[in-house]
1. To the nearest 20 Debye, how big is the dipole of the chain about its Cα centre, given +1 on the beta carbon of each Lys and Arg and -1 on that of each Asp and Glu?
2. Mind telling me which of C136, C167, C128 comes out most flexible in a GNM of the chain, alpha-carbon contacts under 10 Å?
3. Find the centroid of the Cα atoms in the range 195-255 and in the range 1-19, then give the distance between the two in whole Å.
4. Can you tell me the dipole magnitude for the range 159-255 around its Cα centre, using point charges on the Cβ only (Lys, Arg +1; Asp, Glu -1), in Debye to the nearest 20?
5. How big is the chain along each principal axis, measuring the range of its Cα positions in Å and listing the largest first?
6. Going highest first, how would you order 52-59, 193-200, 82-89, 174-181 by mean Cβ packing within 10 Å?
7. Mean separation of Cα pairs under 8 Å and 6+ residues apart, divided by the residue count of the chain: what relative contact order is that in percent?
8. Considering only DSSP beta bridges where both residues belong to the chain, give the percentage that are antiparallel (nearest 5).
Amino acid sequence: MQPALLAVADNIARAERLIESAGAADLYLLPELFPSGYTFQTTAEVAQVAESAAAGPTFDALSRIARRRNAAIVYGFAERRGDAFYNSANVIAPEGLIATYRKIHLFGREKLFFSPGDAAAPVLDLACGRIGVMVCFDWYFPEVARSLALRGAELIVQPANLVLPHCPDAMITRSLENRVFTATCDRVGAETNGDVTHTFIGLSQAVSPRGETLVRLSRDREETATVTLDLAGARSKKVGQHNDLFLDRQPALYS
Ligand code: ACM
């Protein structure tokens, strides 16, 4: 997706069109901060677009789609909670809001506008499976994916606005080392606000527990992909006859 900066209504409509064009699915994944864009210059801009987790134009529109499509939706948005703003991801299902994850590892200038979350990334039992949620730069901290996998996540979903080049390849390692599926939904395009420009790398993808890239989209075009995952493939942590990635860990020797 290529959101337009601060154009919330247009971005919601664009997301709705993309979801419609993707067709039926159990779970839809959208990018980080998709209703607002990414390149803020002032807190006033964030305040203009931030929504509370369970009310506001984005939540209302996506809740309607979740009900209509009998599906879950995971999306990133700028959250207002009290006096603070968070770079958050919502998980909604036909029955309503399931969880809000507030990004714990803020990247670059995000630190000027957002507070870091103070709760662990969640693992959620959805109708389609056991899903872990992280946001973009969390990939740089392998503890996040590991802790999600140790708590039973079979698929880790990652709304993203990637600017560094390494995440798509790193997520192959996150899948491999945890024997989980991962799905990253990134944005595309360049975004300029005053003297700041971000160029996003696209390359949204899904990866299997064996490190196979099941789909990887373009760097610069809006596109959707639908993948069918057998999440049972994430339940065994065995590697060959003699190894089990979780049972073989030696956490007492890591500190
Ligand atoms: C990022 O965390 N949006 C790079």
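None of the figures in this text is laboratory data; all of them are computed from the coordinates on show. Note that the structure is a prediction, hence the values are computed from the model and not measured. Neighbour counts are summed over all protein chains in view; Cβ atoms, including those assigned to glycine, are modelled from backbone coordinates with ideal geometry.
1. Its charge dipole is roughly 500 debye.
2. Ranking C136, C167, C128 by mean-square fluctuation puts C128 first.
3. 26 Å
4. Details: 11 positive and 12 negative charges, 91 e Å.
That gives a dipole near 440 debye.
5. 56, 41, 35
6. Highest to lowest by the protection proxy: 174-181, 82-89, 52-59, 193-200.
7. 16 percent
8. 75 percent
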